[in-house]
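In what follows, a single structure is set out as structure tokens and then discussed.
Throughout, read-outs are computed from the coordinates displayed, never taken from laboratory work. Values in this document were obtained by computation on a predicted structure and should not be read as measured data. Every residue, glycine as well, gets a Cβ built from its backbone with ideal geometry; the counts of neighbours run over all protein chains shown.
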Amino acid sequence: MNKELLKLTITDAHKKLAAKEISARELTEAHIAHSKKKDAEICAYVNHTADEALAQADAVDEKLRFGNDLSPLAGIPVAIKDNILMKGHTATASSQILKDYIAPYDATVIKKLRAHDAVFLGKTNMDEFAMGSSTENSAFFPTKNPRDVSRVPGGSSGGSAAAVASDQATYALGSDTGGSIRQPASFCGVVGLKPTYGAVSRYGVMAMASSLDQIGPLTKTVTDAELVFRAIAGHDAHDATSVLSVQVHTKTPLRSLAGARIGVPKEYFSVEGMDKDVRVSVEQAIKKMEHAGAKIEEISLPYTSHAISAYYIIMPAEVSSNLARYDGIKYGYSTYEANGGGVLAEVYERSRSEGFGKEVKRRIMLGTYVLSAGYYDAYYKKAQQVRTKIKEDFAQAFEKVDMIATPTSPTTAFCIGEKTKDPLEMYLADVFTVPVNLAGLPALSLPCGDVGGLPVGLQFIAPWWGEDTLFTAGKEFEKL
């Protein structure tokens, strides 16, 4: 029975809990026991919260005993990316500079999941401060892809994707700044949703690039992704970028694939370095939708070819600003006591040099450079102008089509160590995902096939506040 419990989706587990066929404790114990064995190989978690999880499960069973109605997420085990604060637990962002930091409060998304009686299994590994596409940049250890442990799970939410793919959690939360939910979802063969910017509160999430970051779920099905999104979305007064109402922005959502106008951008299928088998797999998926009655239309998104360049100017600039707070004084790693005090500037320099990893320091330096006097207009301002053009490209496309379909990643999961010596090659792994973040759009990655035993992800992109369109299309595609 334990293996059956591990394979349950949120929807199926909820039905069994409501019918009292299983208990929340049984479901939680099965995941904890499985993780004790499996995670020695996968390394998805940086911290387990088993005792708290069992107490939460018992509380749900108590509610069941008295016949209380349950939320669809009640008693369901979830894993949380380690840049999201959970009160009383470590929040390291997989960085040495925060290795002993204990969160003093809950992020808004955690508060919302607690209100739904979620069961928290632990915090998952990630690229340090969410900077990376492979989870090799963690200060602690790399996470392995459950499909092939010699390969990466993607990043930066690689631990969350691997936890779901290896049945160590029924679902997980990740964050997506340039593809960090969708790309690992693609590599691990699960579903990943990046919501519209402003749909989910970022309060209590360690900021990487504030105009790009967004929290979303990694799940086993599109239906599950929808359930989690409904639970965590909504306005939050603590987050200035949280949107008060979306009704004025929302066009009529898609109701079916039959008759749906789906745009296929020609630029996404001619990218240098794209695996031909991945392209074929995605093209076959699009053909299936056409056979189901969708109208496929080739479109052009010309400015998206500049997205990677613009992203790797805007994102580091925001990184440089956001990570200035880690100074070795207020919290986190500090060399002050170890060196018997010292000049303040020296404490800053030593603490940051020793606490941050290579990739984080690379992006801080790049961001500081593009924001410096004499270079701001040449780089940062120009990148923001390109960002506006990318957004306009999408706006024009959505006047003609209901949704856009693309590959999630140009390749399947690559081998551990394959791209670590060439940062540029690693950055290109996000070529299909970063335009979505620059434009603030919602997007969904879901499995559409395998190449050599490795999953391929299909990405759906909807207009702003078009999550319902993504869910409809995603569920219908799963049936195909």
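Counting 0.36 nm for each residue step from GLU41 to ASP69 and taking away their Cα separation leaves a gain of 6.3 nm. In the range 131-220, the inverse of the mean reciprocal separation of distinct Cα atoms equals 12.7 Å; this is its Kirkwood hydrodynamic radius.
Highest average first, the peptides 453-459, 100-106, 257-263, 126-132 ordered by how many other beta carbon atoms sit within 10 Å of their residues are 126-132, 453-459, 257-263, 100-106.
So for each of 72-78, 400-406, 46-52 I average, over its residues, the number of other beta carbons within 10 Å; can you give me the resulting order with the highest mean first?
The densest-packed peptide leads the list: 72-78, 400-406, 46-52.
All C-alpha pair distances within the range 333-440, sorted into 5 Å bins from zero, spread as 2, 9, 12, 13, 15, 14, 13, 10, 6, 4, 2, 1, 0, 0 percent across the bins.
Each peptide in 377-390, 204-217 receives the mean, over its residues, of other Cβ atoms within 10 Å, and ordering these scores from highest gives 204-217, 377-390.
Size of the range 219-326: Rg and Dmax of its alpha carbons, in Å, are 19.1, 54.
Residues whose amide H comes within less than 5 Å of that of GLY449, counting only those at least five positions distant or on another chain, are VAL456 (H built at 1.01 Å from N in the peptide plane).
Each 5 Å bin from zero up to the one holding the largest Cα-Cα distance in the range 2-247 carries the following percent of pairs: 1, 8, 16, 20, 21, 17, 11, 5, 2, 0.
Ellipsoid fit via the Cα gyration tensor, the range 44-174: semi-axes of 27, 17, 10 Å, each the root of five times an eigenvalue, largest first.
Its residues counted as N, the range 162-302 yields a C-alpha radius of gyration over 2.2 N^0.38 Å of 1.18. Overall dimensions of the range 389-480, expressed as equivalent-ellipsoid semi-axes from the Cα gyration tensor (√(5λ), whole Å, largest first), are 26, 19, 8. Enclosing the Cα atoms of the range 1-49 in their convex hull gives a volume equal to 81 cubic angstrom per residue. Bin by bin, in steps of 10 Å, what percent of the Cα pairs in the range 187-265 do you find, going until the bin that has the longest distance? Per 10 Å bin, starting at 0, the Cα pair percentages come out as 16, 38, 36, 9, 0. Normalised by 2.2 N^0.38 Å, where N is the number of residues, the C-alpha radius of gyration of the range 260-373 stands at 1.75. The loop-placed trypsin sites (Lys or Arg not before Pro) in the range 19-105, going by DSSP, that have at most 13 neighbouring Cβ atoms within 10 Å of their Cβ come out as LYS20.
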